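Novice: Please see the structure below; I have some questions.
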Amino acid sequence: MDYQMVPSICPYCGVGCGVLLEVIDGKLAGTLPLKTHPNNEGKLCIKGWNLHEHVVSDNRLLFPLVKEEGRFREVAWDEAIEISAKRLKAIIEEFGPDSVGVLTSAKMTNEANYLIQKFSRAAIGTNNVDHCARL
Amino acid sequence: MSFLQALLDFMGLGGRLHLEWISSAEARKFVQVVTEFTAKIKVLGPNPIKGWQGPEIPDSLPSIFEGRALGV
Amino acid sequence: MNMMHEIVKEWLEQEKIDLFIGYKVVDGHPLPCFFTRENIDDVDNLVESKARYPLEKIAAKVYSTHPEMKIGILARDCNQRALNVLYVWNQLDPEKIETVGINCCPSPAREHADCSYLEREPSGPLKTLIGIENNLKPEQAEVYSQEERFKRWSYEFEKCIKCYGCRNICPVCFCKECSLEHSDLIKKGELPVEIPIFHLVRAVHMAGRCIDCGLCEDACPANIPLRLLYREVNQITARLFDYRAGTDSGQSPFSILGENVTLEPMSL
């Protein structure tokens with residue numbers, strides 16, 4: 001029986017509420033608000049309360065999938081990146097860089113998000129970058 | 001039932017809930033109960049839940065509000 | 001090393017308990033922590049903590065997966081009442097639980113204490129004018145007319161952002177299926193919540209269960225006077241059924257589960 005309470009920060013929006021992640025036997029089992037955190041003072045919204053769910057969700061994508069003839073096929077990372085690069089390049093050549101939009105995620109780090117906006121601005125050449133935490 | 005009646009009364013919906021056991025043979029009692037309850041409800045007026053348009057926020061707040069955040 | 005540490009160490013060494021649930025300060029935050037026999041020196045870090053967490057809910061979680069474990073708990077009066085309710089509803093086995101009692105939060109019986117309920121913030125002017133103040137007593141909320149009561153409570157309920165925090169933090173909310181998630185009772189994905197159905201459904205379920213710990217109000221982002229509402233619900237229960245949750249040992253008058261409650265673990 002191993003039980004740990006790991007203090008962390010909610011990744012969803014810019015408020016940065018303190019959360020406590022309940023880890024039972026190495027598995028994420030629950031989220032509680034961090035009562036002594038100055039930002040949220042023991043309060044959370046529904047997204048914060050259910051943080052643990054997307055980590056342990058059965059619907060979580062664990063490997064790249066390529067859709068061929070209406071079916072998903074599991075592929076290796078190299079192949080997936082190659083396919084996306086080829087398709088992106090073709091689309092940009094045909095319709096221009098503004099035909100591409102990039103949606104990033106609040107559940108990644110600041111650095112990863114910086115990298116994605118750099119990728120879309122410098123590599124693709126579009127300002128169409130957005131993020132789910134633009135509340 | 002009396003529990004729910006008390007709770008609704010606390011919430012400001014008092015007197016709007018009534019339960020009565022009436023046998024199919026007691027037509028007279030049925031008429032009496034329904035007439036009494038409808039009369040009571042008519043006095044109370046329409047259900048406030050239906051007409052509720054959201055909180056009425058007053059235009060001016062009392063003077064204790066001095067640049068302080070709106071304590072909701 | 002104080003008395004609390006000595007007692008816990010003694011209990012762990014004598015195998016009176018297998019683990020102790022208390023608080024430990026990590027990075028300046030008091031967090032719920034498990035103290036075990038293998039790591040007995042860690043007991044010196046056990047603190048009382050001003051921030052309260054539903055420790056008994058954690059204990060119930062442990063019990064549902066490891067029913068053989070003997071658990072010690074740091075217990076304020078509210079924890080103790082919650083434990084009593086969990087015993088009544090068969091969520092915990094009183095034979096498996098040992099408590100270390102500590103000074104508790106303010107209650108009608110005891111005004112001064114050392115937990116997060118010590119200093120309650122005064123309400124702002126808007127709330128005083130059109131809402132229900134959190135620190136009122138149930139009787140004080142009944143001075144308004146029926147019409148005014150409805151308006152004031154509706155203002156409070158309208159603020160709800162449906163975070164389910166009150167239910168999630170509640171030490172005595174243990175149902176596997178919650179009425180608040182039932183699509184026939186509560187519409188999904190709509191805000192504001194149906195007034196007053198959402199809050200009354202929860203209030204009704206708190207009758208004969210709520211132990212007035214105030215964690216729900218603590219966790220409410222909209223500062224709805226939930227503690228006041230559930231206090232009234234419990235007063236009605238006491239008046240009508242002569243049952244007081246947390247102190248009476250009998251089954252709640254609202255129990256429809258019967259005597260055979262299953263203890264299957266909740267899915268993670």
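The values are calculated or read from the model by the stated rules, or taken from the named source; none is laboratory data. Computed from a prediction, not measured in an experiment: that's the story for all the values here. Positions of Cβ are backbone-derived with ideal geometry, glycine not excepted, and every protein chain shown enters the neighbour counts. Accessible surface areas use protein heavy atoms only, side chains included; no ligands, DNA or RNA. Shrake-Rupley method; radii C 1.70, N 1.55, O 1.52, S 1.80 Å.
Novice: How large is the dipole of the protein assembly as shown about the Cα centre if only Lys and Arg carry +1 and Asp and Glu carry -1, each at its Cβ, rounded to the nearest 20 debye? Display every interim value, and only then the final one.
Specialist: Numbers: 53 positive and 65 negative charges, 283 e Å.
It comes to approximately 1360 debye.
Novice: Mind checking which of C:Gly189, C:Gly101, C:Gly208 has the largest fluctuation in a GNM of chain C, springs on alpha carbons under 10 Å?
Specialist: Of the options given, C:Gly189 has the highest mean-square fluctuation.
Novice: Dipole magnitude of the stretch C:125-241 about its Cα centre, charges +1 at Lys/Arg Cβ and -1 at Asp/Glu Cβ only, in debye to the nearest 20? All intermediate terms of the calculation are to be shown ahead of the outcome.
Specialist: Details: 16 positive and 16 negative charges, 33 e Å.
Computed charge dipole of the stretch C:125-241: roughly 160 debye.
Novice: Oh, and also: So which residues of the stretch B:2-29 lose at least 20 Å² of accessible area, probe 1.4 Å, when you go from the chain by itself to every protein chain present?
Specialist: In the stretch B:2-29, residues shielded by partner chains: B:Ser2, B:Phe3, B:Ala6, B:Leu7, B:Asp9, B:Phe10, B:Met11, B:Gly12, B:Leu13.
Novice: Scan chain A and report its longest stretch carrying no trypsin sites (Lys or Arg not before Pro) that are both in a DSSP loop and have at most 16 other Cβ atoms within 10 Å.
Specialist: Details: sites that count: A:Arg60, A:Lys107, A:Arg134.
Between exposed loop sites, the widest span is A:1-59.
Novice: My understanding is that a pair violates if its Cα-Cα distance is over 32 Å; which of C:Lys137/C:Lys162; C:Lys137/C:Lys159; B:Lys50/C:Lys61; A:Lys118/C:Lys159; A:Lys27/C:Lys96; A:Lys107/C:Lys176 do that in this structure? Write out the running numbers ahead of the final one.
Specialist: On the way: C:Lys137/C:Lys162 25 Å; C:Lys137/C:Lys159 21 Å; B:Lys50/C:Lys61 42 Å; A:Lys118/C:Lys159 40 Å; A:Lys27/C:Lys96 25 Å; A:Lys107/C:Lys176 29 Å.
Where the Cα-Cα span goes over 32 Å, the pairs concerned are B:Lys50/C:Lys61; A:Lys118/C:Lys159.
Novice: Which percentage, to the nearest 5, of the DSSP beta bridges contained in the protein assembly as shown is antiparallel? Don't skip to the answer; put the middle values down first.
Specialist: Details: 27 of 38 bridges.
The antiparallel proportion sits near 70 percent.
Novice: Show log10 I(q)/I(0) for the protein assembly as shown at q = 0.05, 0.11 Å⁻¹, two decimals, from a solvent-free Debye sum over equal Cα scatterers.
Specialist: Computed log10 I(q)/I(0) values: -0.26, -1.04.
Novice: Oh, and also: Quick one: compute a quarter of the convex hull surface over the Cα atoms of chain A and quote it in nm². Present the calculation step by step, with values, prior to reporting the outcome.
Specialist: Working: hull surface 44.0 nm².
Approximately 11.0 nm², given one-decimal rounding.
Novice: Per q in 0.15, 0.19 1/Å, what log10 I(q)/I(0) does a Debye calculation on the alpha-carbon atoms of the stretch C:134-234 return?
Specialist: -0.59, -0.97
Novice: Can you give me the accessible area per residue for chain C, using a 1.4 Å probe, in Å²? The partial results should precede the final answer.
Specialist: On the way: 12230 Å² over 268 residues.
Result: 46 Å² per residue.
Novice: Could you tell me which residue out of C:Leu126, A:Val55, C:Ile97 lies farthest along the dipole of the protein assembly as shown toward its positive end? Charges go on the beta carbon: Lys and Arg +1, Asp and Glu -1, centred on the Cα centre.
Specialist: So the residue furthest toward the plus end is C:Leu126.
Novice: Using +1 at the Cβ of each Lys and Arg and -1 at the Cβ of each Asp and Glu in the protein assembly as shown, identify which of A:Ile46, A:Val75, C:Val143 lies farthest towards the dipole's positive end.
Specialist: Of A:Ile46, A:Val75, C:Val143, it is C:Val143.
Novice: With all protein chains present, how much of the accessible area of the protein assembly as shown (probe radius 1.4 Å) comes from carbon and sulfur, to the nearest whole percent?
Specialist: 54
Novice: Enter the buried accessible area of the A/C pair, total of both sides, probe 1.4 Å, in Å² rounded to the nearest 100. Display every interim value, and only then the final one.
Specialist: On the way: alone 9940 and 14600 Å², together 22310 Å².
That pair hides around 2200 Å² of surface in total.
Novice: I need the shape label for the stretch A:3-56. Rule: rounded when a/c is under 1.5, else prolate if a/b > b/c, else oblate, with a, b, c from the alpha carbon gyration tensor. Don't skip to the end; give the middle numbers.
Specialist: On the way: a/c = 2.34, a/b = 1.48, b/c = 1.58.
Note, shape of the stretch A:3-56 comes out oblate.
Novice: While we're here: Mind checking how much accessible area C and B bury in total, 1.4 Å probe, in Å² rounded to 100?
Specialist: On the way: alone 14600 and 6840 Å², together 18740 Å².
Roughly 2700 Å² of accessible surface disappears when C and B pair.
Novice: Work out which residues of the stretch C:11-32 lose at minimum 20 square angstrom of accessible surface when the other protein chains are put back, relative to the chain isolated, with a 1.4 angstrom probe, and list them by number.
Specialist: For the stretch C:11-32, once contacts with the other chains are taken into account, C:His29, C:Leu31, C:Pro32 lose 20 Å² or more.
Novice: On to the next question. What percent does the relative contact order of the stretch C:125-241 come to when contacts are Cα pairs within less than 8 Å and at least six residues apart? All intermediate terms of the calculation are to be shown ahead of the outcome.
Specialist: Numbers: 113 pairs, mean separation 38.8, N = 117.
Dividing the mean separation by the residue count of the stretch C:125-241 yields 33 percent.
Novice: Also, I was wondering about something else. Toward the positive end of the charge dipole of the protein assembly as shown, about the Cα centre and with charges on Cβ (Lys, Arg +1; Asp, Glu -1), which of C:Val193, C:Val26, C:Cys78 goes farthest?
Specialist: Checked the options; the winner is C:Val193.
Novice: Oh, and also: As a check on your grasp of the helix formula, calculate [θ] at 222 nm for the protein assembly as shown: sum -39500 (n - 2.57) over DSSP H runs of n ≥ 4, divide by the residue count, round to the nearest 500. Before the final figure, lay out each step's value.
Specialist: Values: 16 runs with 159 residues, N = 475.
Theoretical 222 nm ellipticity from helices: -10000 deg cm²/dmol.
Novice: Would you list which lysines come within 21 Å of A:Lys67, measuring only between C-alpha atoms, while excluding same-chain residues fewer than 8 positions from it?
Specialist: Within the straight-line limit of under 21 Å, A:Lys67 reaches these lysines: A:Lys86, A:Lys89.
Novice: Here's a follow-up. Compute the orientation-averaged projected area for chain C from the convex hull of its Cα atoms and round it to one decimal in nm². Show your work: numbers first, answer last.
Specialist: Details: hull surface 64.2 nm².
That works out to 16.1 nm².
Novice: Separate question: Structure shown: which of B:Lys42/C:Lys127; A:Lys35/C:Lys24; A:Lys35/C:Lys127 lie over 21 Å apart, alpha-carbon to alpha-carbon? Working shown, then result.
Specialist: Details: B:Lys42/C:Lys127 32 Å; A:Lys35/C:Lys24 14 Å; A:Lys35/C:Lys127 24 Å.
Those over the limit are B:Lys42/C:Lys127; A:Lys35/C:Lys127.
Novice: Express the relative contact order of chain A as a whole percentage, based on alpha carbon pairs under 8 Å and six or more residues apart in sequence.
Specialist: Working: 187 pairs, mean separation 22.1, N = 135.
Rounded, it is 16 percent for chain A.
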